[in-house]
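Asks: After the structure tokens below, expect a handful of questions from me.
The values are calculated or read from the model by the stated rules, or taken from the named source; none is laboratory data. No experiment lies behind these values; they were computed from the predicted model shown. Cβ atoms come from the backbone with ideal geometry, glycine included; neighbour counts cover every protein chain shown. Calculation scope for accessible area: heavy atoms of the full protein, side chains included, ligands and nucleic acids excluded. Shrake-Rupley method; radii C 1.70, N 1.55, O 1.52, S 1.80 Å.
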Amino acid sequence: MDSVQSFIETRDIAMVNWSMLGSIVLPNVGGWANGLYFAGQIRKGDEKSWYDNLNKPSWNPPKWVFGPAWTVLYCSMGYASYLVLEDCGGFTEQAILPMTLYGTQLALNWSWTPIFFGMKDFKLAFIEISVLSGAAVATTISFFSVNQTAGALMLPYLAWLGYASSLSYYIWKNNPKDEKKN
């Protein structure tokens, strides 16, 4: 009997928590898809891209920072969503509001890149990231009401959105739209 119990315990340790893994990977999917699709807008070998030629603030980070930063933030918000779902017992009535807010802000998050890099509409990108920030604040508050750790995991995301919003505003205000270029 001891060997059977030992086998079961060993097997349980080796089991993958697919719900947690899926929750962490899901937010990254949109980020990765956007990154792959719009990578040419940001780097074109030795040749400068239109993005390189934008008037950006001195506090704009190097391009390589965005990928790792967003990966960490997406993983953090994904794990936060997992904690909320676990505490709510899955997709229950209690989970409807926080998960709807989460899904909404995630869709808004994924939408910013096509607006900025695809449409090159800096004003709309700033408006969109402002709405996204409001949705992310609402999501964070709803997560805190379910699980304190989940709410805390959203705080770096809110800080980054504040920073990204200020970059978006600066780029909009300091790069007048030239209809012939776009």
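Asks: With respect to residue 117, is the statement that it is open to solvent by less than 60 Å² (accessible area, probe 1.4 Å) and under 22 Å from residue 33 (Cβ atoms) true? Give the steps one after another, and end with the answer.
Replies: Numbers: open to solvent by less than 60 Å² (accessible area, probe 1.4 Å): yes; under 22 Å from residue 33 (Cβ atoms): yes.
The answer is yes for residue 117.
Asks: Determine which member of the set 125, 138 is open to solvent by 20 Å² or more (accessible area, probe 1.4 Å), touching a residue at least 12 places away in the same chain (Cβ under 8 Å), part of a helix (DSSP H, G or I) and more than 18 Å from residue 28 (Cα to Cα).
Replies: Working: 125 fails: open to solvent by 20 Å² or more (accessible area, probe 1.4 Å).
Answer to the check: 138.
Asks: So is residue 147 more than 28 Å from residue 79 (Cα to Cα) and open to solvent by less than 40 Å² (accessible area, probe 1.4 Å) or not? Reasoning before the result, please.
Replies: Details: more than 28 Å from residue 79 (Cα to Cα): no; open to solvent by less than 40 Å² (accessible area, probe 1.4 Å): yes.
So residue 147 fails the test.
Asks: So residue 176 fits all but one of (1) free of Cβ contacts under 8 Å to residues at least 60 places away in the same chain; (2) in a helix (DSSP H, G or I); what number is the exception?
Replies: (2)
Asks: Within segment 11-21, which residues are of a type outside the set (Ser, Thr, Tyr), modelled with pLDDT of 90 or more and assigned to a helix (DSSP H, G or I)? Even if it seems obvious, please write down each step before you answer.
Replies: Within segment 11-21, the first condition is being of a type outside the set (Ser, Thr, Tyr), and the residues that meet it are 11-18, 20-21.
Those left that are additionally modelled with pLDDT of 90 or more: 17-18, 20-21.
Matches in segment 11-21: 18, 20, 21.
Asks: Quick one: is residue 95 assigned to a helix (DSSP H, G or I), open to solvent by less than 30 Å² (accessible area, probe 1.4 Å), more than 21 Å from residue 160 (Cα to Cα) and of a type in the set (A, V, I, L, M)?
Replies: Numbers: assigned to a helix (DSSP H, G or I): yes; open to solvent by less than 30 Å² (accessible area, probe 1.4 Å): yes; more than 21 Å from residue 160 (Cα to Cα): yes; of a type in the set (A, V, I, L, M): yes.
Spelling it out, residue 95 is indeed assigned to a helix (DSSP H, G or I), open to solvent by less than 30 Å² (accessible area, probe 1.4 Å), more than 21 Å from residue 160 (Cα to Cα) and of a type in the set (A, V, I, L, M).
Asks: Confirm whether residue 34 is open to solvent by 50 Å² or more (accessible area, probe 1.4 Å) and modelled with pLDDT of 65 or more.
Replies: On the way: open to solvent by 50 Å² or more (accessible area, probe 1.4 Å): no; modelled with pLDDT of 65 or more: yes.
So residue 34 does not fit the description; no.
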